[in-house]
Amino acid sequence: MKTIGVRRERRKTSWVGRLLTVHGIAGYLFLYLPIVVLVVFSFNASRYASAWRGFTLDWYVSMLQDQALASAVKNTLIVAGSSTLISTVFGTMVALAMERYRFRGKLAFDALLYLPIIIPDIAMAVMLLLFFILARLRLGLVTIIISHVAFNISFVAVVVRARLAYFDMSLEEAAQDLYADEWQTFWRVTLPLIMPGILGGALMAFTLSIDDFVITFFTSGPGSTTLPLRIYSLVKLGVTPEINALSSLMLLISMALVMLSLLLQKGGGGGIEIV
Amino acid sequence: MSEQAVQLNRVSKKFGSVVAVNDVSLSIADGEFFSLLGPSGCGKTTTLRLIAGFELPTRGEVYIGQDLQGETPPYRRPVNTVFQNYALFPHMTISRNVGFGLEMRKLPRDEIQRRVSEALDMVQLPGMGERKPSQLSGGQQQRVALARALVNQPKVLLLDEPLGALDLKLRKAMQLELKALQHRIGITFVYVTHDQEEALTMSDRIAVMNGGRVLQIGTPEEIYERPANRFVADFIGETNFLEGQVTAGRPGEATVQVEDSLTIPVSADKAVGKRDVVTVAIRPEKISLHAEPPDDRAVAGVIEEVIYTGTDTRYLVRIGEQTIVTVRQQNVGVGEGASFLKGASIYLHWRLQSARLLTA
């Protein structure tokens, strides 16, 4: 009796296991098949996605020759570059303040810092738009940059804080013991050691900025079209292989940046010497 | 004792409501190897940090040389520290680590180079300059930390349990090496440790601390042979404590009744009155065992337990009704076994000055 029971249970487990495997594969297919199709069809010689007509790089070439697209890329890089720079500096300062000092309202400030990560993009977008109208700021690249800084600071601060949490305070004391004043200690010891975290945070900010759509859509004005906005307006006229090519390229860049960011956050244990 | 290197004048340090250092005064002479000894949380590390300038005293004054430190930041104090976990900069090479202090003081590049390689030679790590700290063993990192501090030729070197992370053998070797090094270069060492044996081995003088207070300052011999109170006697080495009432006392000698039928002879530095309740401290190695009473001051006892520990044999001896004392005898002979067997009736004897009266 006992043996039969065990055997039956084992059979049941293997049946459940197989189902779970199939389920897992289906899940991954659901997630990644569209991406694979997108990339594959960016090399399709046919203008229509209905059939495969052979391999070509034409769409990448025509994409690179598109003037409007080039200006969108330029705008995107300006926005991503400047918002990353600003939010990295401020985000690092916030992280240092939160990790090192005690001050009144620190708990509230801590919660507020996470808010931009948590609240829906659309709420933040409407909020920022209303703010810009109230402040009588003309919508354009500047307002997009301000908006991106607003959400990126939080992401940078979170990443840098994670690095600071493991910082050995006796290293700063050792520097001061060896005649380095507060500034020298910061530049020579603290900053190099948290640099991997800062770079990781910066890359993350850059990635988030490059492909932000909702907030950018609400806070952009004439002449400040970024890449995601441009793609959206192109798609409204029908999906062409150029868009496939463009999306594939963005996918590649985003993935590379995220990988680099994760690598920096994980490794770089020794820190990076600046001087 | 020539000039003073460090002086603490009634220094206290509070963290919130916790008093870490309580009214500590001490004076450390130039060239001295001075240890702060005590259990963890006794305030010894805080005292060191007050000298280094990482903490500022809540009350009292810290002098380095003749100079009152006040709120002088650590980077303007003529002292250097060897940290417990070494605190080597992981992103710099060994050379950059050792040269950091000289670089901050803007010394010429070639002089930095020369002094760094001298310092690495001194700690027996020549040619290691281009490695990173993570490529060195714990003992080597310890030496680098020492070189990084000493290369600046500080007035005082502060060491916070620098050997704590090393294994016993290496630790013993480093103790002697540090002591020899200190002797050679003549810099004042202030050494924090919780290891009483380490403190006894290395120090010229020791301050025993507990609960934020300094309980006794003295040479290793003074601390061991003439502990000021029960805590010091207990913390340094092994001690038998016997409590009782003084039945007879005259200057130099007293008799203490431990049990109804047990009185023991003790020495008394200060006058004690009859009926005073006191604690008597006797070190186990100061007691000798005899088959016949050597004089009329011997105390009779029965051996309860014999424990062989290699260099010594420890006897647990019952004297009186319920008092047990530990006696330690060195195993001088080879393979002779214990001199006395379990259950044997014997006599304990000690020199009068070995039994010390403690008041607290």
Of A:Lys236, A:Lys74, A:Lys106, the most mobile residue in a GNM of chain A (C-alpha springs, cutoff 10 Å) is A:Lys236
Whole number please: convex hull volume per residue, Cα atoms of the protein assembly as shown, in Å³. 327 Å³
Taking chain B as a Gaussian network, where each spring joins two C-alpha atoms under 10 Å apart, which residue of B:Ala291, B:Ala20, B:Ala199 fluctuates the most? B:Ala291
Return one number: the angle in degrees, 0 to 90 and rounded to the nearest 10, between the long axis of the Cα atoms of helix B:94-104 and the longest principal axis of the Cα atoms of chain B. 70 degrees
Among GluC sites (Glu not before Pro) in the range B:40-127, those in a DSSP loop whose Cβ has at most 13 other Cβ atoms within 10 Å are B:Glu71
D (Stokes-Einstein, µm²/s), Kirkwood Cα radius, the range B:240-358, 0.692 mPa s at 37 °C: 222 µm²/s
With every protein chain kept in place and ligands, DNA and RNA left out, what is the accessible area per residue of the protein assembly as shown? Probe 1.4 Å, answer in Å². 53 Å²
For B:Lys342, list the aspartates and glutamates whose Cα falls under 15 Å from its own Cα; do not include residues on the same chain fewer than 8 positions away. B:Glu304, B:Glu305
So what are the three principal axis dimensions of the range B:125-262 from its Cα atoms, in whole Å, longest to shortest? 73, 29, 26
Residues with beta-carbon under 10 Å from that of A:Gln176, excluding A:Gln176: net charge, scoring Lys, Arg +1 and Asp, Glu -1? -3
Exercise: per-residue mean of other protein chain Cβ atoms within 10 Å, B:90-100: 4
I'd like the mean, over residues of A:166-172, of how many other protein chain beta carbons sit within 10 Å of each residue's own Cβ. 3
Could you work out how much longer the chain between A:Leu260 and A:Val22 gets when fully extended? Use 0.36 nm per residue separation minus the Cα distance between them, nm to one decimal. 82.5 nm
Tally Lys/Arg at +1 and Asp/Glu at -1 over every other residue whose Cβ is under 12 Å from the Cβ of B:Ile307; what's the total? 0
Percent of accessible area on the range B:149-194 owned by carbon and sulfur, 1.4 Å probe? 59 percent
Hz values of 3J(HN,Hα) by residue in the range B:187-202 - Karplus curve (6.51, -1.76, 1.60), Gly and Pro given as x: 7, 5, 10, 10, 10, 9, 8, 10, 9, 5, 5, 4, 4, 5, 5, 9
Chain B: antiparallel DSSP beta bridges as a percent of all, rounded to 5: 75 percent
Report, in listed order, any pair from B:Lys155/B:Lys179; A:Lys74/A:Lys106; B:Lys44/B:Lys155; B:Lys14/B:Lys172; A:Lys74/A:Lys236; B:Lys44/B:Lys286 with a Cα-Cα distance greater than 28 Å. A:Lys74/A:Lys106; B:Lys14/B:Lys172; B:Lys44/B:Lys286
Give me the inter-chain shielding for B:71-77: mean count of other chain Cβ atoms within 10 Å, whole number please. 4
Share of Cα-Cα pairs in the range A:211-269 beyond 18 Å, whole percent, is 51 percent
Helix B:109-122: inclination vs chain B longest Cα principal axis, degrees, rounded to 10, gives 20 degrees
222 nm [θ] for chain A, helices only, -39500 (n - 2.57) per DSSP H run of 4+, per residue, to 500? -25500 deg cm²/dmol
Among B:Ala207, B:Gly70, B:Tyr224, whose Cα projects farthest towards the positive end of the dipole of the range B:4-235, with charges put on the beta-carbon of Lys, Arg (+1) and Asp, Glu (-1)? B:Gly70
In Hz, Karplus ³J(HN,Hα) per residue of the range A:180-187 (6.51, -1.76, 1.60; θ = phi - 60°; x = Gly, Pro): 8, 6, 4, 5, 4, 4, 5, 6
Can you give me the % of accessible surface on chain A that is carbon or sulfur? Probe 1.4 Å, all protein chains present, nothing else counted. 72 percent
Phi-derived 3J(HN,Hα) across the range A:127-134 with the Karplus relation (6.51, -1.76, 1.60, θ = phi - 60°), rounded Hz, x for Gly and Pro, is 4, 5, 4, 4, 4, 5, 5, 4
Below 8 Å between Cα atoms, with a sequence gap of 6+, how large is the relative contact order for the range B:4-235 in percent? 28 percent
For chain A, inverting the pair-averaged 1/r of distinct alpha-carbon atoms gives a Kirkwood value in Å of 22.3 Å
In Å, the Kirkwood estimate of hydrodynamic radius for the range B:231-295 over Cα pairs equals 12.9 Å
What value, in deg cm²/dmol to 500, does the helix sum -39500 (n - 2.57) over DSSP H runs of n ≥ 4 give at 222 nm once divided by the residues of chain B? -7000 deg cm²/dmol
Charge dipole magnitude, Cβ of K and R +1, D and E -1 - the range B:1-68, Cα centre, debye nearest 20: 400 debye
Shape descriptors of the range A:74-176 over alpha-carbon atoms, Rg and Dmax in angstrom, are 16.2, 51
Are there GluC sites (Glu not before Pro) in the range B:205-258 that DSSP marks as loop and that have at most 16 other Cβ atoms within 10 Å, and which are they? B:Glu238
Before we go on, tell me the buried accessible area for the A/B pair, both chains summed, 1.4 Å probe, in Å² to the nearest 100. 2200 Å²
Antiparallel DSSP beta bridges within the protein assembly as shown, percent to nearest 5: 75 percent
Please give me, ordered by residue number, the GluC sites (Glu not before Pro) of the range B:264-360 that lie in loop per DSSP and have at most 15 other Cβ atoms within 10 Å. B:Glu321, B:Glu336
For the range B:4-235, what ratio Rg/Rh do Cα atoms give with a Kirkwood hydrodynamic radius? 0.97
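The values are calculated or read from the model by the stated rules, or taken from the named source; none is laboratory data. Because the structure is a prediction, the values reported are computed rather than measured. Neighbour counts are summed over all protein chains in view; Cβ atoms, including those assigned to glycine, are modelled from backbone coordinates with ideal geometry. Surface areas here come from the heavy atoms of the whole protein model, side chains and all, with no ligands, DNA or RNA. Shrake-Rupley method; radii C 1.70, N 1.55, O 1.52, S 1.80 Å.
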